[in-house]
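Contents: one structure, followed by commentary.
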Amino acid sequence: MRRLHTCLGMLTATVTVAVSILFGTVPSAAAVQVTTIRGGTVLYAATGAQCVVGFNAKGNGVFYGVMVGHCSGTHTTTWYADAARTVQVGVTAGASFPIDDYGVVRYTSNTLNLPGDIALGGGVNQDITGVASPTVGQSVCHAGRTSGVHCGRVTALNVTVNYSEGAVHGLIRSTACSEPGDAGAPAYSGTLAVGFLVGSSGNCTSGGVSYYQPVAEVLSDFGLTLY
């Protein structure tokens, strides 16, 4: 079983918001830089890790990003929006790996745009309105940074996958294929979030299977909701 590794890609989108004042505009040097982070965005850790945000979530007025635990690591670290690690956006709020495979980043910057949708590539975004309780046979898609959007059907629930670090339990298995570099891809069924890609076997040429960490478990553990 192949564990998917992260790589460079999908640079975080930024937009510049000019702050206007009476009788003129603040010079560009004083412009506020607003960084957009959505599902599918890459964040860069102080540890050197590069991890994909699966979904944005919120709880008690605070915003978070959920991602793969074997990428994020289980220790507190600072996260950045850029590969040069100059735009700080958050800190690790919690993680679990092995047993589960998730990490949670608490956003700390007040210059972030945090939509609840996910990026499918090519400037197309998918609105997410809730969380699925997947069933065998249900359709599911994921949006990988390397291979793009692939769809299939759920074939098993509560699957255990063994890594060198230990076993991860409660995963969802699907017939959707994936490629190296797709790790962390948000998985969805229509407008409902399913989970995020943590591993696979095979490939998109000969066929394969993918495994997802259920997002519902992460949200329940941290008291979060999607929006």
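A few points about this structure:
- Efficiency of FRET between Arg153 and Asn113 - r from beta-carbon atoms, R0 25 angstrom, step 0.05: 0.15
- Estimated at 0.36 nm per residue, the fully extended path between His75 and Thr47 surpasses their Cα-Cα distance by 9.1 nm.
- A simple rule links phi to the HN-Hα coupling: the Karplus curve 6.51 cos²θ - 1.76 cosθ + 1.60 with θ = phi - 60°, which for the stretch 57-64 gives 8, 9, x, 6, x, 10, 9, 9 Hz, with x for Gly and Pro.
- Ligands, DNA and RNA are left out, and with a 1.4 angstrom probe the accessible area of the chain is 43 Å² per residue.
- Using a probe of 1.4 Å, the accessible surface attributed to Cys151 totals some 80 Å² when neighbouring protein chains are kept in position.
- Extending 7 Å from Cα along the Cβ direction at Asn203 and again at Ser133 yields two label points whose distance is 4.0 nm.
- The spacing between the stretch 193-207 and the stretch 93-124, judged by their C-alpha centroids, is 19 Å.
- Calculated from backbone phi, Karplus (6.51, -1.76, 1.60) coupling profile of the stretch 165-179 in Hz, x at Gly/Pro: 7, x, 7, 10, 10, x, 7, 9, 10, 9, 8, 5, 7, 8, 10
- Order of exposure, largest accessible area first, which applies to Asp101, Asp82 with probe 1.4 Å: Asp82, Asp101
- Full extension of the segment from Ala83 to Asp221, taken as 0.36 nm per residue of separation minus the current Cα-Cα distance, would add 46.7 nm.
- A 1.4 Å probe, protein heavy atoms only, puts the accessible area of Ser109 near 40 Å².
- Computed from backbone phi, the HN-Hα couplings of the stretch 90-105 come to x, 9, 5, 9, x, 6, 8, 6, x, 6, 10, 9, 8, x, 10, 9 Hz, rounded to whole numbers (Karplus: 6.51 cos²θ - 1.76 cosθ + 1.60, θ = phi - 60°; Gly and Pro given as x).
- Sequence-distant residues sharing a close amide H with Thr155 (under 5 Å, placed H): Gly137, Arg173, Ser174, Thr175
- Global geometry of the chain, whether rounded, prolate or oblate, following the gyration tensor of its Cα atoms and the 1.5 cut on a/c: prolate
- The chain, accessible surface, carbon-and-sulfur percent (1.4 angstrom probe): 54
The values are calculated or read from the model by the stated rules, or taken from the named source; none is laboratory data. Small disclaimer: the values here were computed from a predicted structure and weren't measured. Reconstructed Cβ throughout: ideal geometry from the backbone, glycine too, with neighbour counts over all protein chains shown. To get the accessible areas, we keep the full protein, side chains included, count just its heavy atoms, and leave off ligands, DNA and RNA. Shrake-Rupley method; radii C 1.70, N 1.55, O 1.52, S 1.80 Å.
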